[in-house]
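Q: Input: one structure, supplied below.
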Amino acid sequence: MGNYVLLDAPSNLGLRPPVEGAVPGCYKTPGVLRDLGILDRLGASDGGVVTPGRYVGTWSPGDGVRNSAAIAAYTRALAGRISAIRSSGGFPIVLGGDCSISLGAMLALRRAGRYGIAYLDGHDDFRHLGIAEHVGAAAGEDLAIMTGRGAGDLADVDGLRPYVRDSDVRVLGVRTAESSQLREAGISVVTSEELMTSGVSLPSFAGVDGFWVHVDIDVLDPAYVSAVDSPDPGGLDPDTLVSLLRGLLALPGAAGFELTVFDPDLDPDGHQAELVADVLERTFR
């Protein structure tokens, strides 16, 4: 692994507005991290930015997924840029943005073959109509969408449903209270409590062409990073996260990485952004 290429994916299309009339601030994360020198700190080359469409905060039950047309267009655009980076020999490090950017990554890999995903997140992101009365925000349902659960406008882009098979998903760091639906679906889960109690044990990705690494920074305990849309106690500490990420990225087949859901608007003095940058630097350097 090497030849890092930093790509900004500043999409907030998959989140609910924090308050009526406002927009989620996670779109600012790539800029904040670049201001902290993350390009040089990772020794990466600059892959530029994929600009999302306009965020629309209004939504009602029955409307489908909020901003779905814009997310579908963004998924295709981001997939194209990730594919171009990989085809030129680069290792994409994608700075989000909300968790819906994972659809672009997994569409890119689905076009290339059979890939898995190491999904590090404090939440299951598995809301879908099979278990919920309605859905509405792709950042809370992206794992369901990428595994084929959801309307075809997002789950079946280019007729490639599912982008990843259930058997090729490894969920790591989810809170115990969020794990039951995943286990019932037969998806591999290691909770944050298990990781903190028993230590890091790396998953296997046998039988696939490679795997993507997704990190929602809310996998960390809010004692360290609370500037996220849904901070819940019981998360990882930074050292455990770095150890887990370094182990995953050293495995054969690591195909790319993304960071999501940090919200600089909730970090007025910037100290949490510096911690996030430090986690990235320690992971990749």
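Q: Report those helices (runs of 4 or more DSSP H) wholly inside segment 59-147 carrying at least 3 residues which are hydroxyl-bearing (Ser, Thr, Tyr) and surrounded by fewer than 24 Cβ atoms within 10 Å (Cβ to Cβ). Spell out how you get there, then give the answer.
A: Details: elements: 68-87, 102-112, 142-146.
Once the helices (runs of 4 or more DSSP H) in segment 59-147 are filtered for at least 3 residues that are hydroxyl-bearing (Ser, Thr, Tyr) and surrounded by fewer than 24 Cβ atoms within 10 Å (Cβ to Cβ), what remains is 68-87.
Q: Quick test of your reading of the structure: Gln181 fulfils all but one of (1) crowded, with 16+ Cβ neighbours inside 10 Å; (2) free of Cβ contacts under 8 Å to residues at least 60 places away in the same chain; (3) more than 17 Å from the chain's Cα centre (by Cα); (4) more than 25 Å from Ile145 (Cβ to Cβ). Name the failing condition by number.
A: Only one criterion in (1) crowded, with 16+ Cβ neighbours inside 10 Å; (2) free of Cβ contacts under 8 Å to residues at least 60 places away in the same chain; (3) more than 17 Å from the chain's Cα centre (by Cα); (4) more than 25 Å from Ile145 (Cβ to Cβ) is unmet by Gln181, namely (4).
Q: Filter segment 184-211 down to residues that are open to solvent by 60 Å² or more (accessible area, probe 1.4 Å), farther than 17 Å from Gly122 by Cα and of a type in the set (A, V, I, L, M, F, W, C), then give me how many there are.
A: Adding up the residues that qualify gives 2.
Q: Sticking with this one: Anything in segment 148-159 that is open to solvent by 10 Å² or more (accessible area, probe 1.4 Å) and among the small types (Gly, Ala, Ser)? List them, or say none.
A: Quick first cut of segment 148-159, residues open to solvent by 10 Å² or more (accessible area, probe 1.4 Å) only: 148-153, 156, 158-159.
The answer is Gly148, Gly150, Ala151, Gly152, Gly159.
Q: Which of the strands (runs of 3 or more DSSP E) found entirely inside segment 169-285 contain at least 2 residues meeting this: of a type in the set (A, V, I, L, M, F, W, C) and more than 20 Å from Ile101 (Cβ to Cβ)?
A: Passing ranges, in order: 188-191.
Q: Checking Pro52 against (1) part of a loop (DSSP other than H, G, I, E, B); (2) touching a helix residue (DSSP H, G or I) at 6+ places or on another chain (Cβ under 8 Å); (3) open to solvent by 50 Å² or more (accessible area, probe 1.4 Å), which test does it fail?
A: Going through the list (1) part of a loop (DSSP other than H, G, I, E, B); (2) touching a helix residue (DSSP H, G or I) at 6+ places or on another chain (Cβ under 8 Å); (3) open to solvent by 50 Å² or more (accessible area, probe 1.4 Å), Pro52 breaks only (3).
Q: Moving on. Out of Leu15, Leu42, Leu36, which single residue is of a type in the set (A, V, I, L, M, F, W, C), buried (at least 20 other Cβ atoms within 10 Å of the Cβ) and under 25 Å from Asp267 (Cβ atoms)? Walk me through how you get there before you give the answer.
A: Working: Leu42 fails: buried (at least 20 other Cβ atoms within 10 Å of the Cβ); Leu36 fails: buried (at least 20 other Cβ atoms within 10 Å of the Cβ).
The match here is Leu15.
The values are calculated or read from the model by the stated rules, or taken from the named source; none is laboratory data. Please read these numbers as outputs of a predicted model, since none were measured by experiment. Neighbour counts run over all protein chains shown; Cβ positions are idealised from the backbone, glycine included. The protein model used for the area step is the full one, side chains on, heavy atoms only, and it has no ligands, DNA or RNA in it. Shrake-Rupley method; radii C 1.70, N 1.55, O 1.52, S 1.80 Å.
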